[in-house]
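Worksheet for the structure shown next.
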Amino acid sequence: MDLFMAGLGFGLIAASIMALAAVGFTLQLGVADIFNFSFGAVMTASALAGYEANAAGLNVWLCLPVGAAFGAALSVCLNRAILTPFMHRGAGLFGMVIVTLGLAIVIQNLILAIWGPVYFTYQVDNSSTVRWAGMILTTSQIALAACSAAIMVVLHLLLTKTKLGKAMRATAANADLARTSGIRTSRVNDTVWALSGALCGLGGVAFVINTVSFQAATGTDYLILVVAAAVLGGAGQPYGAMIGALIVGVASEVSATVISPDYKDVVALVILIGVLLVRPRGLMASVDLVQAGGEETIA
Amino acid sequence: MKPCSMHTSLAESERRPAQLLIRDLVAGYRGIPIVNGVTLSVGEREVVSVLGPNGAGKSTLLKALVGLLPVMAGSIELDGVQITNMSPEDLVRMGTGYVPQVRDVFEPLTVRENLDIGGYLLDSRQIKDRAAEVLALFPSLQRAADRRAGTLSGGERKMLAIARVLMLRPKLLILDEPTAGLAPEVSKRFLHEHVRRLISQGVSTLLVEQRVSASLEISDWAYVLVTGEVRREGRPADLLQDREFAQVFLGRRAELPAIRRESNDM
Ligand SMILES: Nc1ncnc2c1ncn2[C@@H]1O[C@H](COP(=O)(O)OP(=O)(O)O)[C@@H](O)[C@H]1O
Ligand SMILES: [Mg+2]
């Protein structure tokens with residue numbers, strides 16, 4: 001039982017970090033119609049930007065906004081310079097999978113080429129811990145979870161209360177209809193890439209604040225769990241991604257402590273397959289904000 | 001084409017000054033024309049119908065008009081301004097309001113959010129006021145204001161689709177089969193109550209319809225589109241006198257493919 005509670009604690013932390021990435025990933029899927037396999041590599045690159053800032057003396061918590069800004073800028077650039085041109089030339093969903101896989105490999109190997117095959121380590125103060133109901137967590141882990149929860153609330157308000165958020169959802173649901181309503185969807189698209197890129201960068205830095213160290217392939221390896229969370233909740237659905245992250249995060253950490261860390265990914269994928277057998281469009285597909293489980297849901 | 005020119009031009013001279021003028025329009029998909037040299041106009045405060053069998057190119061014509069498809073040849077003028085190949089985003093700003101045949105609402109958004117998006121070009125204070133006005137026109141929508149558009153019934157959904165474009169007080173309403181999927185009685189009432197009535201508010205309407213008699217009842221002028229070309233045009237009363245028209249559309253409506261055969265003999 002103790003082991004389970006400890007695993008649950010780690011799982012909740014993992015879930016809150018995963019939610020950042022999974023929501024970013026699912027926004028790209030929902031609004032831009034891109035299944036972005038380079039998402040993990042952008043996470044790594046953002047974590048690296050955070051690492052450089054940290055190494056230059058910046059407090060590790062201030063590396064979060066650094067990573068967010070870097071992830072946003074890199075995502076907007078990649079979209080404008082590479083993804084949109086391919087889409088305009090008629091690359092379909094599967095064509096774009098190949099393009100983004102290629103991008104992931106390029107980014108990952110650029111990092112290897114420039115920094116070498118090393119482990120990067122953040123300076124995090126993990127000395128103080130909190131024990132509660134069998135969970136043992138560091139204060140920085142709790143702070144991460146709180147940050148993530150706050151960001152999810154802000155995101156919810158953005159998507160449901162603001163004109164920009166509604167325009168994003170309208171564009172995701174039906175881009176042609178959005179255009180005939182006067183929404184400049186290409187600008188909305190840029191905003192979505194900036195927002196999802198910021199979440200991607202935050203996810204990358206938050207992941208490393210939790211695990212302390214990473215290397216060139218860390219983000220890409222982690223992407224399996226992020227995709228599992230996003231698809232589990234319903235591709236393109238932000239609340240779905242949050243719930244998916246909660247399930248995948250908790251299940252993978254509990255199985256890591258109770259069974260063995262080797263089974264993390266396996267457990268996540270087994271859950272994913274199990275859910276998709278029962279609900280092929282994911283848990284939240286028919287009730288979420290972005291797509292009403294219509295003909296254009298992707299997975 | 002069979003000329004009925006004298007007859008037509010007399011009636012034509014009684015039409016109102018053109019608000020929308022489409023000349024020799026060619027449009028289609030991936031460079032292949034579907035609409036082939038269509039000329040038509042909508043006068044100020046007129047309801048003009050475009051009738052024709054399935055696959056005639058009616059929806060394609062409207063998509064080219066609202067900027068969702070490229071215009072391959074020809075020109076479009078709105079209030080004397082060239083709008084050929086303008087983007088959909090800019091066309092709304094010129095005063096067009098387009099309701100597509102399918103995918104006509106934002107399904108995951110609530111009724112109210114759909115109206116908010118309809119009023120995207122207004123500021124938030126105006127959106128609120130205008131949404132209240134528009135909802136007052138559609139009482140059943142008012143009751144469903146917080147429901148997701150995807151869960152509405154067919155009739156409510158079409159009302160929402162029209163309410164959404166009314167948010168910006170368009171001067172030209174472009175409706176693609178607004179009664180598709182509605183029961184005949186409901187569609188008739190819908191056309192009278194919700195389409196014709198808008199004319200009194202100064203809105204001109206280009207209406208594509210499959211329900212021929214119901215849409216003729218509310219129209220000032222009608223065009224018959226067959227395989228991408230205008231085969232007939234005229235006042236509804238005159239078209240109904242036209243034997244071939246009556247036979248094709250009113251007598252044997254269920255066998256629409258027959259139109260193609262007959263129209264080839266013309
Ligand atoms: N997206 C599309 N791509 C290619 N061809 C299309 C597309 N949509 C419609 N068409 C073709 O254009 C023709 C006219 O279609 P449409 O304009 O929808 O007719 P209508 O609205 O009069 O029923 C049809 O033959 C149809 O197959
Ligand atoms: Mg049609």
Check your understanding: Given the structure, is A:Ala81 among the small types (Gly, Ala, Ser), within 25 Å of A:Gly244 (Cα to Cα) and not in a loop (DSSP other than H, G, I, E, B)?
Key -> no
Exercise for review: Please determine, by comparing only the residues of segment B:100-117 that are under 18 Å from the mean Cα position of the chain (by Cα) and more than 9 Å from chain A (Cβ to nearest Cβ), which one is surrounded by the fewest Cβ atoms within 10 Å (Cβ to Cβ).
Suggested key: B:Val102
Check your understanding: Restricting the first residue to segment A:183-209 and requiring it to be more than 14 Å from chain B (Cβ to nearest Cβ), which pairs with a second residue that is in a helix (DSSP H, G or I) and among the polar types (S, T, N, Q) meet a Cβ separation below 6 Å and a spacing of at least six or different chains?
Key -> A:Trp193/A:Ser75; A:Trp193/A:Asn79; A:Ser196/A:Gln28; A:Gly197/A:Ser75; A:Gly201/A:Ser46; A:Gly204/A:Ser46
**Study point:** Criterion violated by B:Ile174 - all others in (1) assigned to a helix (DSSP H, G or I); (2) within 16 Å of ligand 2 (Cβ to nearest atom); (3) modelled with pLDDT of 90 or more satisfied
**Key:** (1)
Check your understanding: Somewhere in segment B:169-176, is a residue away from chain A (no Cβ under 14 Å) and either more than 16 Å from ligand 1 (Cβ to nearest atom) or touching a residue at least 60 places away in the same chain (Cβ under 8 Å) (or both)?
Key -> yes
**Study point:** Residue that is out of contact with any strand residue (DSSP E or B) (no Cβ under 7 Å at 6 or more places or on another chain), among the charged types (D, E, K, R) and more than 9 Å from ligand 1 (Cβ to nearest atom), where the choices are B:Arg30, B:Arg93, B:Arg45
**Key:** B:Arg93
Check your understanding: Does B:Met72 qualify as being within 14 Å of chain A (Cβ to nearest Cβ), in contact with a strand residue (DSSP E or B) (Cβ under 7 Å, 6 or more places away or on another chain) and surrounded by fewer than 18 Cβ atoms within 10 Å (Cβ to Cβ)?
Key -> no
Point to revise | Residues satisfying the stated conditions in segment A:3-34, i.e. aromatic (Phe, Trp, Tyr) and under 12 Å from the mean Cα position of the chain (by Cα) | key: A:Phe25
Practice item. Would you point out the residue of segment B:92-124, among those that are part of a helix (DSSP H, G or I) and not charged (D, E, K, R), that is modelled with the lowest pLDDT? Key: B:Ser124
Study note, to complete from the structure: When restricted to B:Gly37, B:Gly28, the only residue modelled with pLDDT of 95 or more, away from ligand 2 (no atom under 16 Å from the Cβ) and either within 14 Å of chain A (Cβ to nearest Cβ) or not in a loop (DSSP other than H, G, I, E, B) (or both) is B:Gly37
Practice item. Would you confirm whether any residue within segment B:48-64 is surrounded by fewer than 20 Cβ atoms within 10 Å (Cβ to Cβ) and basic (Lys, Arg)? Key: no
Practice item. Give just the number: which of (1) surrounded by 22 or more Cβ atoms within 10 Å (Cβ to Cβ); (2) outside any helix (DSSP H, G or I) does A:Gly182 not satisfy? Key: (1)
Check your understanding: What are the residues in segment A:88-125 that are of a type in the set (Ser, Thr, Tyr) and closer than 17 Å to A:Phe207 by Cβ, if any?
Key -> A:Tyr119, A:Thr121, A:Tyr122
**Study point:** Counted residues, segment B:49-81 - those being on the phi < 0 side of the Ramachandran plot and more than 16 Å from ligand 1 (Cβ to nearest atom)
**Key:** 6
Study note, to complete from the structure: Residue pairs qualifying under the 6 Å Cβ cut-off, at least six apart or on distinct chains, with the first in segment B:92-115 being on the phi > 0 side of the Ramachandran plot and the second being within 16 Å of ligand 1 (Cβ to nearest atom), are B:Arg103/A:Asn174
Study note, to complete from the structure: Residues of segment B:50-69 being within 14 Å of another protein chain (Cβ to nearest Cβ) and away from ligand 2 (no atom under 11 Å from the Cβ), in sequence order, are B:Ala64, B:Leu65, B:Val66, B:Gly67, B:Leu68, B:Leu69
Check your understanding: Which condition number in (1) buried (at least 18 other Cβ atoms within 10 Å of the Cβ); (2) within 11 Å of another protein chain (Cβ to nearest Cβ) is the one that B:Leu141 fails?
Key -> (2)
Review point. If only one of A:Ala91, A:Ala73 is more than 14 Å from chain B (Cβ to nearest Cβ), surrounded by 13 or more Cβ atoms within 10 Å (Cβ to Cβ) and outside any helix (DSSP H, G or I), which one is it?
Key: A:Ala91
**Study point:** Scan of segment B:125-157 for residues that are in a helix (DSSP H, G or I) and touching a strand residue (DSSP E or B) at 6+ places or on another chain (Cβ under 8 Å), ordered by number
**Key:** B:Ala149
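The values are calculated or read from the model by the stated rules, or taken from the named source; none is laboratory data. Here the structure is a predicted model, which means the values were calculated and not measured. No Cβ is skipped: glycine too gets one built from the backbone with ideal geometry, and neighbour counts run over all protein chains shown.
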